[in-house]
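The values are calculated or read from the model by the stated rules, or taken from the named source; none is laboratory data. Note that this is a predicted model, so its numbers are computed, not measured. Here the Cβ is made from the backbone with ideal geometry for all residues, glycine too, and neighbour counts use every protein chain on show.
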Amino acid sequence: MLDVVAGGASIGFLYPLERAAAVRWWRERVSAVREGRLAVRVVRDGGRVVGTVGLAFADKPNARHRAEIVKLMVRRDARGRGLGRALLTAAEEAAAEAGVTLLLLDTETGSPAETLYRSSGWSETGVVPGHAADPGGTLRPTTFFHKHLGTGPGKRPGKDSAKDPGKDHGSIPATV
């Protein structure tokens, strides 16, 4: 997270992002993972996490068919190896297994991530000017995307099926 924000990625934080703030942000998500409201996948290179993606499940009764891809991040020194695509695919597969049929996400307009989403079959929903500030604090447009996964017999994770976030349940091999 520190590396991608330092590299200019607009993921909700301003630069410089302090390590304590990043650790606090991740710790605040532990209960959501335990309760099955958030699934997190990581990619490791040896023992080092070089990428991550979250899948946030909707909590409203009329929205249980959808989820949102959140915080897709790959360290700058690990880019160009297909890890972003592997993380996106892993999140899509986790969503389908959970019975989700519609995925949503947003990204800074014109960012490299926008190219990844388009080439992965995501459809642009629209652009909102000045939606979010980049790490330097400048308001930038945000492009919203959606992807239909079709119907599936999957089951949404619940409290009883949530995995221990302290264990590595969602790693993807770094050699993609």
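State the number of residues belonging to the stretch 95-112 that are free of Cβ contacts under 8 Å to residues at least 60 places away in the same chain and out of contact with any Lys or Arg (no Cβ under 7 Å at 6 or more places or on another chain).
So the answer is 8.
Entry remark, the stretch 92-130: residues being assigned to a strand (DSSP E or B) and more than 15 Å from Thr143 (Cβ to Cβ) number 1 in total.
Would you tally the residues in the stretch 15-31 being part of a loop (DSSP other than H, G, I, E, B) and either surrounded by 13 or more Cβ atoms within 10 Å (Cβ to Cβ) or modelled with pLDDT under 95 (or both)?
3
Exactly one residue out of Val49, Val5, Val70 is farther than 24 Å from Gly136 by Cβ and among the aliphatic types (A, V, I, L, M): that is Val49.
To keep it simple, each residue is scored yes or no on (1) at pLDDT 85 or above; (2) touching a helix residue (DSSP H, G or I) at 6+ places or on another chain (Cβ under 8 Å).
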| site | (1), (2) |
| --- | --- |
| Val100 | yes, no |
| Leu104 | yes, no |
| Thr107 | yes, yes |
| Ser111 | yes, no |
| Lys159 | no, yes |
| Ser171 | no, no |
| Val176 | no, yes |
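Criterion applied to Thr143, Thr138, Thr101, Thr115 was being more than 17 Å from Thr52 (Cα to Cα), over 14 Å from the mean Cα position of the chain (by Cα) and crowded, with 19+ Cβ neighbours inside 10 Å, and the one residue passing it is Thr143.
Checking every residue in the stretch 40-59 against the condition of being part of a loop (DSSP other than H, G, I, E, B), at pLDDT below 95 and more than 23 Å from Gly7 (Cα to Cα) gives at least one match.
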